[in-house]
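Working notes, structure below.
The values are calculated or read from the model by the stated rules, or taken from the named source; none is laboratory data. Bear in mind that the values here come from a model prediction, so they are computed numbers and not experimental data. So basically every Cβ, Gly included, is an ideal-geometry build from the backbone, and we count neighbours across all protein chains shown. Side chains are part of the model used for accessible areas, which takes the heavy atoms of the whole protein and leaves out ligands, DNA and RNA. Shrake-Rupley method; radii C 1.70, N 1.55, O 1.52, S 1.80 Å.
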Amino acid sequence: MTSIALFRKDLASELRTRYAINSLLMFIIVTISVILFSIGNEKISDYLSGGLFWVVVFFTAMSGLARAFVSEEERGTSLLLQLIASPATVFSGKLIFNLVLVFSMNVVIANLYTALFDAFVIKNLLLFSTAFLFGSIGIAISSTVIAAIIAKAGSKGTLYPVLSFPILLPLILILIELTKMSMDGTAFEEGYIEVAVLICYDVIMISASYLLFDFIWKD
Amino acid sequence: MISYTLNVDSITKTFGRRLIFKNVSLNCEQPGIWGIAGPNGSGKSTFVKCLCGIISPSSGKITHTLNGREIESEELHNHIGFVSPYLVLYDEFTAEENLKFFAEIRGVKYNQAKIDYLLNEFLLFDRKKDFVKAYSSGMKQRLKFLFALMHSPALVILDEPISNLDNSGKEKVYKIIGEEAKKSIIIIASNDDSDLALCSSVLELTNYKSEQF
């Protein structure tokens, strides 16, 4: 319950400052516009549009999700959080906030993408939805723990994508593969192994995050 | 009647090769006021951060016990109140919203009667619905006392408690410290003589810097 309270505090703060929401929305619009302008009248392959979808998701996540911890560190309020909540509560609260942000962001990207790219046609919606669900969870978990690490560092802006890339690469690769299968109309049963790998990634990331967070959070 | 004890057993803190203090011990077993003194840079803030569990000592042990049972580090925050110049409250919320969020995140009841009493004592009652960003530095310092005392902690740690306060603010703080000292352990880290005059016992940190690496 205390982590829900922390989530409510972060949500109220975000709705007042709109720092992450604005930067995420601007990034989504700019990135999709750049892709549209660079394609012009050319036809792109279905697979390429599926790959580009996750590229947009990855970079959008990099542009806004670090705020969960970076804003606390920059404003000097992390000490306050250390004094009112246990590390597990802090991580859970921030994770819930990033989950909500990632899902909202991915829903906006998916809708814009479907409306603007003719080549982006999903034939197996169940498989894509599964990939979308567990992929979003994976991105939220990884982004949250990486944000906690880089919040203590000096050059936060550059460090975040650099540190995220090797951690999120396996996730993005499996998501691109599952999106390709969804676009081909492959049966759900044939994508079991990829879905299992995706779930395993999420489980490993969340376990490692909770184990490591104590050491990351305290000086 | 709760029984809270704080036992600091020979703690040493170093940052890299720099020794901050060495073999400091302190034992607080009943309500009262203890002082931590020393000039700027002597390690007072580091010491009180160690007491709160925000940073760990390099060696030695700090034990907090409540009614004979050792408090786990995950629960420690609910028993400690902390005031410090480097503590920052959320600017985008009002004073009242800040306090409500703190109570919810701590998982304790929002004690309206106690908070109204403290708001009145610290002359913030009429400004409780104002955003903290509109507060002066003295008002922010007074609000930190509400943050520290609202959950009736058994251990109150005050690092430079009167910084940014005017004379009436200082008087209020000393009055509240006196009231709290009847039921809680108060630790004041300061180099101000008027703060240290409240303490029954003062630990001089410069005496614990004997060894340079």
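Filter the range A:90-125 down to residues that are β-branched (Val, Ile, Thr) and open to solvent by 20 Å² or more (accessible area, probe 1.4 Å) and give me whichever is nearest to the other protein chains (Cβ to nearest Cβ). For the range A:90-125, the residue satisfying everything is A:Ile96. Of everything in the range A:9-45 that is surrounded by 16 or more Cβ atoms within 10 Å (Cβ to Cβ) and within 18 Å of A:Thr77 (Cβ to Cβ), the residue that is farthest from the other protein chains (Cβ to nearest Cβ) is A:Ala20.
Scanning the range B:69-106 for residues that are small (Gly, Ala, Ser) and out of contact with any helix residue (DSSP H, G or I) (no Cβ under 6 Å at 6 or more places or on another chain), which turns out surrounded by the most Cβ atoms within 10 Å (Cβ to Cβ)?
The selected residue is B:Ser84.
For first residues located in the range A:97-119 and under 20 Å from A:Ile172 (Cβ atoms) and outside any helix (DSSP H, G or I), partners that are at pLDDT below 90 and of a type in the set (A, V, I, L, M, F, W, C) and lie 6+ apart or on another chain with Cβ distances below 6 Å form the pairs A:Ala119/A:Ile44.
Pairs meeting the criteria (first residue in the range B:67-94 and more than 7 Å from chain A (Cβ to nearest Cβ), second residue part of a loop (DSSP other than H, G, I, E, B) and open to solvent by 70 Å² or more (accessible area, probe 1.4 Å), beta carbons under 7 Å, at least 6 apart or on different chains) are B:Asn67/B:Ile2; B:Thr94/B:Lys129.
All conditions in (1) of a type outside the set (A, V, I, L, M); (2) touching a residue at least 40 places away in the same chain (Cβ under 8 Å); (3) not in a helix (DSSP H, G or I) hold for A:Asn41, with the sole exception of (2). Pairing each residue of the range B:143-160 that is within 12 Å of chain A (Cβ to nearest Cβ) with any residue that is crowded, with 22+ Cβ neighbours inside 10 Å and charged (D, E, K, R), provided the two are 6+ apart or on different chains, yields C-beta distances under 7 Å for B:Asp159/B:Lys44. Can A:Phe165 be described as open to solvent by 60 Å² or more (accessible area, probe 1.4 Å), part of a helix (DSSP H, G or I) and within 14 Å of chain B (Cβ to nearest Cβ)? Judged against the criteria, A:Phe165 is not a match. Please work out if A:Ser86 is within 14 Å of chain B (Cβ to nearest Cβ), open to solvent by less than 50 Å² (accessible area, probe 1.4 Å), farther than 23 Å from A:Phe134 by Cα and touching a helix residue (DSSP H, G or I) at 6+ places or on another chain (Cβ under 9 Å). Judged against the criteria, A:Ser86 is a match.
Yes or no, residue by residue, for (1) acidic (Asp, Glu); (2) within 21 Å of B:Lys22 (Cβ to Cβ); (3) in contact with a Ser or Thr (Cβ under 7 Å, 6 or more places away or on another chain); (4) assigned to a loop (DSSP other than H, G, I, E, B):
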site: B:Phe147; (1), (2), (3), (4): no, no, no, no
site: B:Ile162; (1), (2), (3), (4): no, no, no, yes
site: B:Ser168; (1), (2), (3), (4): no, no, no, no
site: B:Tyr174; (1), (2), (3), (4): no, no, no, no
site: B:Lys183; (1), (2), (3), (4): no, no, no, yes
site: B:Cys199; (1), (2), (3), (4): no, no, no, yes
site: B:Asn207; (1), (2), (3), (4): no, yes, no, no
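Out of the residues in the range B:123-175 meeting the condition of being among the β-branched types (Val, Ile, Thr) and at pLDDT 90 or above, tell me which one is farthest from the chain's Cα centre (by Cα). Only one residue fits best here, namely B:Val132. For A:Thr60, the criteria (1) under 20 Å from A:Ile146 (Cα atoms); (2) within 14 Å of another protein chain (Cβ to nearest Cβ) hold in every case but one, which is (2). Residue selection: A:Ile174 satisfies the criterion of being assigned to a helix (DSSP H, G or I) and either open to solvent by 70 Å² or more (accessible area, probe 1.4 Å) or farther than 24 Å from A:Lys152 by Cβ (or both).
Out of B:Asn27, B:Asn7, I need the residue that is under 18 Å from the mean Cα position of the chain (by Cα), open to solvent by 20 Å² or more (accessible area, probe 1.4 Å) and under 23 Å from A:Lys218 (Cα atoms). Which one?
Exactly one of B:Asn27, B:Asn7 is under 18 Å from the mean Cα position of the chain (by Cα), open to solvent by 20 Å² or more (accessible area, probe 1.4 Å) and under 23 Å from A:Lys218 (Cα atoms), namely B:Asn7.
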